[in-house]
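Have a look at the structure below before the remarks.
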Amino acid sequence: MTGEPEKLHCFKVENKFIVKSGCKKRMWRSLKQILATDRALPWPNDAVLYYSINAPPTFKPTKKYSDISGLPAPYVDRHSKLYYSNADEFATVRSLPMDITAGYLQLRGATTIVG
Amino acid sequence: MEDVLILKDYKTVPDIVHEYSPSLKFGHIPLVIDNGSYQCRVGWSIHDEPHLIFKNLIARPRKDRCKKDAEPPVTPPIQIGNDIINIEAVRFQLKTQFDKNVVTHFEVQELVCDYIFSHLGIDNEGSVPHPVVMTEAFVTPNYSRQLMSELLFEGYGVPAVSYGVDSIFSMYRNDIGDTALIVNMGYHTIHIIPVIRGKVIEEHARRINLGGSEIICYMHKLLQLKYPVHVNAITMSRIEEILQEHSTIALDYQEEIRKWANPDYYEANVKRIQLPFVQPASSSGLTAEQQKERKKEMARRLLEINARKREERLAEDEEQLNQLLALQDLIEEGDTEEFNEAIKSFEIKNYGDLQRQISNLNMRIEKNKQRIATAANAEEPPEPRPTGRWQAPSDPEAFQIWLNDTRAKYREVLVRREARRARRAAMVKRRTAAAAERMRAISRLAAAGDDFGYRDSDWDVYKSISREADSDSEADGERLVELEEALREHEPAQPSHHQHQLHLAIEPYRAPELIFQPSMMGNLEAGLAECMEYVFKHFSPEDQLLLANNVFLTGGCSQFPGLKERLEKELLEMRPFQSTHKVVMAQNPSLDAWYGARDFAGSNEFDNWCITKEDYYEMGGEYLKEHHASNRYYKSPAPIIDNTLAPAGDANVIKEEIVVDC
């Protein structure tokens, strides 16, 4: 296998995209950037593009599940905004350290930059 | 008898370099590459099975920046695919060429292609003389295809390339007719692609941005939050294994989770996963008494060593003192010259210095002698531990009673401590009962009369006001520690393998349920069933019936047990009353795309479907030759250059030359 980039494989004449270590790295565009530039171009109306086939947003109301056990959760803890399903879970939810609480909220996608 | 599952922890086997026979070399046999975001599968089109199946990842270790010497920095070796033996060791250095399901990082792609071609044994000089069939994402952006063509044509000199969509290859492989609703469940995305009479209806296809990797991440974080102790032992590879072997999709999710609320059901069905662990060495048969003996032995030895050292130092100091005193005598005898010579050898400057050194030495010797004296006194045996709560009675019955008693005391102290902590926490917040009481107490204090403090119990008021931990809680804390120690010594310990087990109850059902309810992780897109319903709505009822009767499941993630039944149930709910529907699974969900592409490469008209080198140079890298299993080609329009904007800023400024006299 390649030890140093100078030693090439016989089927290649020169490296196309691989750079030697220490040379200037080429910045590859991420998918978001590629899609943004695509959006700006004047495509014909019938063209189907990557972002045209995104799934639609859901219309059904989301069901709430307890963060710690996964059972259906009718209640929310006021202080930490975690969902819980019964009194024992409530005791656990209140006793969780802050980083685990934050982890559960992040898992659910409930963290916002504000507050 | 509990059922404990053991994790197998598969290790990858490095790939061999395959034989590159002359028939392959001179026959221009097409090479079939299924370039997936999870795995890459490569093989020759004349063989039955792909030669190489590896995870599409490279591990690139970071260079050490500390080498600032003249030597050039050595690049550490890059591990690719199956060369990565222990993936957890390099977890943070992993890089992939994919961004979701589209290739964007072509340096990594070139490294992977090098790996592929070298492991296939290709030894041709200067180019790879085989036509290549490559899979690409459904509706790939032109930019990505352009770079891929550039890499293959210009980098490797490939004579012809054909691009196809993996799910459509898989459909044709499974021979289910030419009208189907393909549901491709991949690593980063789930595609729903309707195909009617051989024509892929791209504008009504939909892609859900959720796939195997999101499911793995979700379960990983879930288990890490549930078992913070085992954060390091819960690795991504183990989660992958749990998902692949022990997870199912529930037929009715609401009912399933309600079953688990029942503790008996839980006990009967919980899955216990045994994590590998190291047996601690203390259980080598030593009883508590022998351990105590050992500790005393070591303490005694330490004391001996210290005493010996002190004596040696004492002897040295006394020796030096004698020499210096001899020097002093020289002066008193009046031999100044000899004195000066002598003190030079001792590095002393004059008589005053000598005096100082002698006094220092004297002090040190005194101190040492004192320390030796106290050490000798302390060698008496330490006082016997006070009896009472620590000492366990030897009589077995009394021992049990004592044990229960101690446990009760422990629990009591714990409860008291919790209550105190809760009260303190409530005191800090506004508008709680505890805070109001605290205010009342403070105002009472302020209004207290002159006879405050005559009784000792008056001062307890300050304990109830204080917001920080006070002496009471400290005392409680100490008692807690003592009781814990006593209990630990005498209580039978839980066998350690119980402490290293993960209990999976709802988690194996919860993580795959993300496919149907992406809102569980904060993704606001429609789940699989809702999306399928949406796609159906765009077709006429006759077409809908055709599609519903041939729902084709493919892709790695479609291998969850219970998925087929669940989809049938969802279809029953969304289709009109008494209409038919059928769900078909691919025979080999992971490999059918490669098999389909191989059949495609082996067909007679393959040459018509390839982009040749001439085509590439003529039409540009974005060009795609369409065929029954490819994307549609939309040529990128030229970017708009708006000529109505104002010209560049300095067009109207008159430039003058100014001569400055210095």
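The values are calculated or read from the model by the stated rules, or taken from the named source; none is laboratory data. Keep in mind the model is a prediction, meaning the values are calculated, not measured. So basically every Cβ, Gly included, is an ideal-geometry build from the backbone, and we count neighbours across all protein chains shown. What goes into the accessible areas is simple: the full protein's heavy atoms, side chains included, and nothing from ligands, DNA or RNA. Shrake-Rupley method; radii C 1.70, N 1.55, O 1.52, S 1.80 Å.
Scan segment A:45-102 residue by residue and report those that are in a loop (DSSP other than H, G, I, E, B), open to solvent by 80 Å² or more (accessible area, probe 1.4 Å) and charged (D, E, K, R). Residues satisfying the conditions are A:Asp46, A:Lys60, A:Lys63, A:Lys64, A:Arg78, A:Lys81.
Checking each residue in segment B:145-156 for being within 7 Å of another protein chain (Cβ to nearest Cβ) and surrounded by 22 or more Cβ atoms within 10 Å (Cβ to Cβ) picks out B:Gly155, B:Tyr156. Only one of the listed residues (A:Leu31, A:Leu35) is surrounded by fewer than 18 Cβ atoms within 10 Å (Cβ to Cβ), within 9 Å of another protein chain (Cβ to nearest Cβ), within 22 Å of B:Gln146 (Cα to Cα) and at pLDDT 90 or above. That residue is A:Leu35. Selection of segment B:170-226 for residues being more than 19 Å from B:Thr96 (Cβ to Cβ), away from every other protein chain (no Cβ under 12 Å) and outside any strand (DSSP E or B) yields B:Ser170, B:Met171, B:Tyr172, B:Arg173, B:Asn174, B:Asp175, B:Ile176, B:Gly177, B:Asp178, B:Thr179, B:Arg197, B:Gly198.
Residues that are in contact with an Asp or Glu (Cβ under 8 Å, 6 or more places away or on another chain) and over 12 Å from B:Met185 (Cα atoms) were ranked within segment B:548-581; the one that is surrounded by the fewest Cβ atoms within 10 Å (Cβ to Cβ) is B:Lys569.
Residues are listed down the side, and each one gets a yes or a no for (1) in a helix (DSSP H, G or I); (2) within 14 Å of chain A (Cβ to nearest Cβ); (3) open to solvent by 40 Å² or more (accessible area, probe 1.4 Å):
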{"position": "B:Ala435", "(1), (2), (3)": "yes, no, no"}
{"position": "B:Arg440", "(1), (2), (3)": "yes, no, yes"}
{"position": "B:Lys463", "(1), (2), (3)": "yes, no, yes"}
{"position": "B:Gly477", "(1), (2), (3)": "yes, no, no"}
{"position": "B:Glu485", "(1), (2), (3)": "yes, no, yes"}
{"position": "B:His503", "(1), (2), (3)": "no, yes, yes"}
{"position": "B:Glu513", "(1), (2), (3)": "yes, yes, no"}
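Does segment A:38-84 hold any residues that are aromatic (Phe, Trp, Tyr) and more than 30 Å from B:Pro637 (Cβ to Cβ), and which are they? The answer is A:Phe59, A:Tyr65, A:Tyr75, A:Tyr83, A:Tyr84. Which of the residues spanning segment B:316-338 are touching a residue at least 24 places away in the same chain (Cβ under 8 Å) and open to solvent by 50 Å² or more (accessible area, probe 1.4 Å)? B:Glu318, B:Gln320, B:Leu325, listed by residue number. Scanning segment B:5-15 turns up one or more residues that are under 34 Å from the mean Cα position of the chain (by Cα) and over 27 Å from B:Met185 (Cβ atoms). For B:Val103, the requirement of being modelled with pLDDT of 90 or more and open to solvent by less than 10 Å² (accessible area, probe 1.4 Å) is not met. Considering only residues in segment A:83-104 that are more than 8 Å from chain B (Cβ to nearest Cβ) and among the aromatic types (Phe, Trp, Tyr), the one that is farthest from the chain's Cα centre (by Cα) turns out to be A:Phe90. Do the conditions hold for B:Asn142, that is, is it at negative phi, modelled with pLDDT of 90 or more and surrounded by 24 or more Cβ atoms within 10 Å (Cβ to Cβ)? Considered against the rule, which asks whether it is at negative phi, modelled with pLDDT of 90 or more and surrounded by 24 or more Cβ atoms within 10 Å (Cβ to Cβ), B:Asn142 comes out as no. Among the residues of segment B:120-134, those that are more than 7 Å from chain A (Cβ to nearest Cβ) and open to solvent by 10 Å² or more (accessible area, probe 1.4 Å) comprise B:Gly121, B:Pro129, B:Pro131.
In segment B:1-59, the residue that is surrounded by the most Cβ atoms within 10 Å (Cβ to Cβ) out of those that are among the acidic types (Asp, Glu) and closer than 18 Å to B:Leu120 by Cβ is B:Asp34. The residue of segment B:231-258 that is farthest from the other protein chains (Cβ to nearest Cβ), among those that are surrounded by 13 or more Cβ atoms within 10 Å (Cβ to Cβ) and free of Cβ contacts under 8 Å to residues at least 60 places away in the same chain, is B:Glu240. Among the residues making up segment B:538-578, none is aliphatic (A, V, I, L, M) and on the phi > 0 side of the Ramachandran plot.
Scan segment A:105-114 and give yes if some residue there is facing chain B (nearest Cβ under 7 Å), buried (at least 16 other Cβ atoms within 10 Å of the Cβ) and of a type in the set (D, E, K, R), otherwise no. Yes, because at least one residue in segment A:105-114 is facing chain B (nearest Cβ under 7 Å), buried (at least 16 other Cβ atoms within 10 Å of the Cβ) and of a type in the set (D, E, K, R).
Could you check, for segment B:518-528, whether at least one of its residues is within 27 Å of B:Asn269 (Cα to Cα), assigned to a helix (DSSP H, G or I), open to solvent by less than 70 Å² (accessible area, probe 1.4 Å) and in contact with a strand residue (DSSP E or B) (Cβ under 7 Å, 6 or more places away or on another chain)? Within segment B:518-528, one or more residues are within 27 Å of B:Asn269 (Cα to Cα), assigned to a helix (DSSP H, G or I), open to solvent by less than 70 Å² (accessible area, probe 1.4 Å) and in contact with a strand residue (DSSP E or B) (Cβ under 7 Å, 6 or more places away or on another chain).
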